[in-house]
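Coordinate-derived values only; no laboratory data. Every value quoted in this text rests on a predicted model; they were computed, and no experiment measured them. Neighbour counts are summed over all protein chains in view; Cβ atoms, including those assigned to glycine, are modelled from backbone coordinates with ideal geometry.
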Amino acid sequence: MNYLHTTLLFLHILLGAICLMLFWVPVVSAKGSMLHNTAGKLYYKMMLFIAGSGVLMCLMVLFSPTMIYGQNPNWTAAQLQKFITERRLFSFFLLQLSLLTWVTVRHAYGVLKVKAELVQLRVWSYQGPVWA
């Protein structure tokens, strides 16, 4: 499980850095151009992967922090419990951040996709994650 977490973390950081640069391509290119649309779609897909990998990594840490981060054999029981509690609290915060990112990116893409016909977005399958 540690290898999966490490691989996801590496991809999460790498794609996040690429997205920081890719974000500006649609901003500076002509609206509606092929470059603008292609960069925007690529950004959307990469951001969904980034948010999804963040959710998965957080769930892994919430399940077993010591399996992901290891533990010091010299720790007392109190130190180990403090470590586990701190890791879980921080992972819960990052889980909320990842879910917020996923919902925001999905919502923004949905609005662009339906344009002025926003009534198409008034379905449970779309609005459920926004209100949760």
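Rounded to whole numbers, the Karplus 3J(HN,Hα) couplings from phi for the range 12-23 are 4, 5, 4, 5, x, 5, 5, 5, 4, 7, 5, 3 Hz, using 6.51 cos²θ - 1.76 cosθ + 1.60 with θ = phi - 60°, and x at Gly and Pro.
With θ taken as phi - 60° and the Karplus curve 6.51 cos²θ - 1.76 cosθ + 1.60 applied, the whole-hertz 3J(HN,Hα) list for the range 55-61 is 4, 4, 5, 5, 5, 5, 5 Hz, x standing for glycine and proline.
Shown for Y44, Y126: other C-beta atoms within 10 Å of each C-beta, ranked fewest to most, produce the order Y126, Y44. In this rough spin-label picture, where each label sits 7 Å from Cα along the Cβ direction, the L4-Q96 distance is 2.6 nm.
With each run of n ≥ 4 DSSP H residues scored as -39500 (n - 2.57), what mean residue ellipticity at 222 nm is computed for the chain after dividing by its residue count and rounding to the nearest 500 deg cm²/dmol?
Counting only the DSSP helices, I get -27500 deg cm²/dmol.
Cα-based radius of gyration for the chain, normalised by 2.2 N^0.38 Å, reads 1.34.
Bridging of K115 to lysines at a Cα separation below 23 Å is possible for K31, K41, K45, once same-chain residues fewer than 8 apart are set aside. Under a model in which nothing but the beta-carbon of Lys, Arg (+1) and Asp, Glu (-1) is charged, the chain shows a dipole of about 280 debye around its Cα centre.
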